[in-house]
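Below: one structure, written as structure tokens.
Derivation of every value follows stated rules applied to the coordinates shown; laboratory data play no part. Everything numeric here is computed off the predicted structure, so don't read it as measured data. All Cβ positions, glycine included, derive from the backbone under ideal geometry; neighbour counts span all protein chains shown.
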Amino acid sequence: MAHHDKIRTVIADDYDLVNEFMLTELEYSIFHFIRRQGTVFANQVTRRYECSAQQTSVYLKQLFDKGYLNRKEQVAASGGIEYEYKARI
């Protein structure tokens, strides 16, 4: 069986599992932005993609939950918590 046939079989057999790891176009773009930058904070993603802080938080959390990003908790200058994100791949 050719390599591509094996991939098609996995996708057909367990589409729900595969779908969990698929990225939207925007998630893909954000992921590659983070890969190029090395490490980023949410506010950098917000500025780059001109979206709200809340939207950015959702995108980064989804990428983290899907296993594409690592995140490290930091104490912000304001005294709150912020995360530093880095691509896992």
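Details
- Estimated FRET transfer efficiency (Asn70, Arg47; beta-carbon r; R0 25 Å; 0.05): 0.75
- A simple spin-label model places pseudo-atoms 7 Å from Cα toward Cβ; at Lys61 and Gln37 they are separated by 1.9 nm.
- Rg/Rh for the stretch 23-87 stands at 0.94; both radii use Cα atoms, and Rh follows the Kirkwood definition.
- As a proxy for reagent exposure, Ile30, Ile89 were ordered by neighbouring Cβ count within 10 angstrom, fewest first; the result is Ile89, Ile30.
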